[in-house]
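Below is one structure, written out as structure tokens; the observations come after it.
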Amino acid sequence: MTEAAPTPAPLLYPRVLLKISGEALMGDTSFGLHPPTVARIAAEVKRVHDLGVELCLVIGGGNIFRGLQGSAQGMERASADYMGMLATVMNALGMQSALEELGVQTRVISAIPMDQICEPYIRRRAIRHLEKGRVVIFAAGTGNPYFTTDTAATLRAMEMNCGAIMKGTQVDGVYTADPKTTPDAKRYDRISYDEVLIKNLKVMDASAIALARDNNLPLIIFSLHQSGGFAEVLSGRGKFTIVEQS
């Protein structure tokens, strides 16, 4: 008598937005894209996509150019921010290429029109792509200077009716301090938006946290470096921190 296959764990959310930093694509290099790292992250995305999750991404541009740093060095802030937005388009195209190498249909949608390489942002079209099983990568932030990709991710997650924002980071959740420099730092399993803001825990920028709080959008912080970790978190397993209403 053969044993029945184990029943897969139910998914926490049928549609999510994954937010990752541009620096996550650098691997061990100091600048730009590291193709093996991009391929590894794409494989994690494919694993979740294969579970039937409707998935969209926002990727930062800090591995190429960061607007705030340019502004601090004397550049006009709006121009520096637009340069940072263009960096996110480059990262989005790199991730699209890696995903399509794995057979995952992908669309890059830019808040700044550039019809030769990606689609313009039209909310209903983006939702339709998700319903058809395509991974949607939102690029160029909100299309406006002075807003970070954290805020863009929160905005797009709400517009797409996502159940949560999944933020892949260097560590497996939110800690009382940086666990790399403070070995006895404690990890939170759950924490409120207000506590994140009051304690300045740097989960996302304050505008993004406040926007998520006001719209009751959960934030789930997990490690992007553990193989299969993204899929495990979506099944309610593994280590992660959920930021939600108290």
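The values are calculated or read from the model by the stated rules, or taken from the named source; none is laboratory data. For clarity, every value in this text was computed on a predicted model and none was experimentally measured. Note: ideal-geometry Cβ built from the backbone for every residue, glycine included; neighbour counts use all protein chains shown.
Condition check for residue 179 on (1) crowded, with 19+ Cβ neighbours inside 10 Å; (2) touching a Lys or Arg at 6+ places or on another chain (Cβ under 8 Å); (3) in a loop (DSSP other than H, G, I, E, B): one failure, at (1). In this entry, residue 29 passes the filter for residues that are of a type in the set (Ser, Thr, Tyr), out of contact with any strand residue (DSSP E or B) (no Cβ under 7 Å at 6 or more places or on another chain) and in a loop (DSSP other than H, G, I, E, B). For residue 210, the conditions (1) surrounded by 14 or more Cβ atoms within 10 Å (Cβ to Cβ); (2) touching a residue at least 40 places away in the same chain (Cβ under 8 Å); (3) not acidic (Asp, Glu) all hold with the exception of (2). Of the residues making up the stretch 58-77, at least one is among the aliphatic types (A, V, I, L, M), assigned to a strand (DSSP E or B), on the phi < 0 side of the Ramachandran plot and at pLDDT 95 or above. If the condition is being surrounded by 14 or more Cβ atoms within 10 Å (Cβ to Cβ), part of a loop (DSSP other than H, G, I, E, B) and not hydroxyl-bearing (Ser, Thr, Tyr), then the stretch 108-150 contributes 111, 112, 114, 118, 134, 140, 141, 143, 144, 145, 147.
Look at (1) without any contact (Cβ under 8 Å) to a residue 60 or more places away in the chain; (2) surrounded by 15 or more Cβ atoms within 10 Å (Cβ to Cβ); (3) farther than 15 Å from residue 16 by Cα and you find that residue 240 fails only one, number (1). Taking the stretch 194-219 as the range and being over 15 Å from residue 157 (Cβ atoms) and among the small types (Gly, Ala, Ser) as the test, only 206 passes.
If you go through the stretch 47-61 one residue at a time, do you hit one that is free of Cβ contacts under 8 Å to residues at least 60 places away in the same chain, surrounded by fewer than 22 Cβ atoms within 10 Å (Cβ to Cβ) and within 16 Å of the chain's Cα centre (by Cα)? The answer is no; no qualifying residue exists.
Within the stretch 85-100, is there a residue that is more than 22 Å from residue 30 (Cβ to Cβ) and either part of a loop (DSSP other than H, G, I, E, B) or more than 19 Å from the chain's Cα centre (by Cα) (or both)? No.
Could you tell me whether residue 75 is in contact with a His (Cβ under 8 Å, 6 or more places away or on another chain) and surrounded by fewer than 23 Cβ atoms within 10 Å (Cβ to Cβ)? Spelling it out, it is not the case that residue 75 is in contact with a His (Cβ under 8 Å, 6 or more places away or on another chain) and surrounded by fewer than 23 Cβ atoms within 10 Å (Cβ to Cβ).
Just so you know, in the stretch 226-246 the residues that are in contact with an Asp or Glu (Cβ under 6 Å, 6 or more places away or on another chain) and under 14 Å from residue 169 (Cα atoms) include one that is modelled with the highest pLDDT, and it is 230.
Please find, within the stretch 69-128, the residue that is farthest from residue 148 (Cα to Cα) out of those that are among the charged types (D, E, K, R), out of contact with any strand residue (DSSP E or B) (no Cβ under 7 Å at 6 or more places or on another chain) and in contact (Cβ under 8 Å) with a residue 24 or more places away in the chain. Among residues in the stretch 69-128 that are among the charged types (D, E, K, R), out of contact with any strand residue (DSSP E or B) (no Cβ under 7 Å at 6 or more places or on another chain) and in contact (Cβ under 8 Å) with a residue 24 or more places away in the chain, the one farthest from residue 148 (Cα to Cα) is 101.
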